[in-house]
Amino acid sequence: MKPIKMKMKDMDSVLEYTTENPAVIHHQTYKMLDWIYNKKKKPTSINLLIIELTDDEELDEAVLNVEAFEWELALEMGLKFFEKEEEYEMCAKVNKLLTTIKTN
């Protein structure tokens, strides 16, 4: 599984996108963490989004990633989001992965 790749104008566009599209971020976080955990059986750093910046004078790309030590927090944030959105199937999936990580 690969990170989502996209093009955006600049960092302001990236911040706007992540603020306006939390569902995309939380779904991608779960998918990527679940995939890598099932593959490696331990948390590791993983890229979620790779964004090519087309009009930024200082940066060529922005990468949204989750470091190994951030997995539990990222999943807990996703769980809160899915509860708020009443996406209970996703809540169950996220909770299962979170419990597995915490107990191993």
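The values are calculated or read from the model by the stated rules, or taken from the named source; none is laboratory data. The shown structure was predicted, so the numbers you read here are calculated from the model rather than taken from an experiment. Cβ: placed from backbone, ideal geometry, glycine included. Neighbour counts: every protein chain shown. Remember, those area values only see protein heavy atoms, side chains included, never the ligands or the DNA or RNA. Shrake-Rupley method; radii C 1.70, N 1.55, O 1.52, S 1.80 Å.
Can you tell me the 0 to 90 degree angle between the C-alpha axis of helix 71-84 and the longest principal axis of the chain, rounded to 10? Orientation of helix 71-84: about 90 degrees from the principal axis. A 31 angstrom limit on the alpha carbon distance is what I want to check against. Which of K9/K39; K5/K42; K7/K96; K42/K80 exceed it? Checking Cα-Cα distances, K9/K39; K7/K96 exceed 31 Å.
All other residues with a Cβ under 10 Å from the Cβ of N104 taken together, and with Lys, Arg as +1 and Asp, Glu as -1, what is their net charge?
Working: positive: K41, K42, K102; negative: none.
Residues close to N104 contribute a combined charge of +3.
Compactness of the range 19-75 was expressed as the Cα radius of gyration divided by 2.2 N^0.38 Å, which yields 1.27. The helix-based estimate of mean residue ellipticity at 222 nm for the chain, built from -39,500 (n - 2.57) per DSSP H run of four or more residues and divided by its residue count, is -18500 deg cm²/dmol to the nearest 500. With a Förster radius of 22 Å applied to the beta-carbon distance between V24 and T99, the computed FRET efficiency rounds to 0.35. Taken one residue at a time, the phi angles of the range 89-104 give Karplus couplings (6.51, -1.76, 1.60, θ = phi - 60°) of 5, 5, 4, 5, 5, 5, 4, 4, 5, 4, 5, 4, 5, 5, 8, 9 Hz. Gly and Pro are set to x.
Specify which labelled value, from (1) 16, 42, 23, 11, 7, 2, 0; (2) 14, 46, 32, 7, 1; (3) 14, 44, 30, 11, 1, agrees with P(r) over Cα pairs in 10 Å bins from 0, in percent derived from the coordinates of the model shown. The value matching this structure is (3). The range 1-62 and the range 64-92 have Cα centres spaced 15 Å apart. You can think of it this way: the chain between M6 and Y88 has 26.6 nm of extra reach, that is 0.36 nm per residue less the Cα-Cα gap.
Heavy-atom accessible area per residue, the range 25-80, 1.4 Å probe: how many Å²?
On the way: 3320 Å² over 56 residues.
Heavy-atom accessible area per residue stands at 59 Å².
Working from Cα positions, state the angle (0 to 90°, nearest 10) between the long axis of helix 11-20 and the longest principal axis of the chain. That helix lies at roughly 40 degrees to the long axis.
When the Cα positions of L48, F69, M11 are compared along the charge dipole of the chain, F69 comes out farthest toward the positive end, with charges on each C-beta of Lys, Arg, Asp and Glu.
Taking the Cα centre of the chain as the origin, how large is its charge dipole in debye, to the nearest 20, when only Lys and Arg (+1) and Asp and Glu (-1) carry charge on their Cβ atoms?
Details: 14 positive and 21 negative charges, 217 e Å.
Here the size comes out at about 1040 debye.
If you take all other residues with their beta carbon under 12 Å from the beta carbon of E61, and give Lys and Arg +1 and Asp and Glu -1, the sum is -3.
On the protein heavy atoms, probe 1.4 angstrom, tell me the percent of accessible surface of the chain carried by carbon and sulfur. That fraction is 49 percent.
DSSP beta bridges fully contained in the chain are about 55 percent antiparallel.
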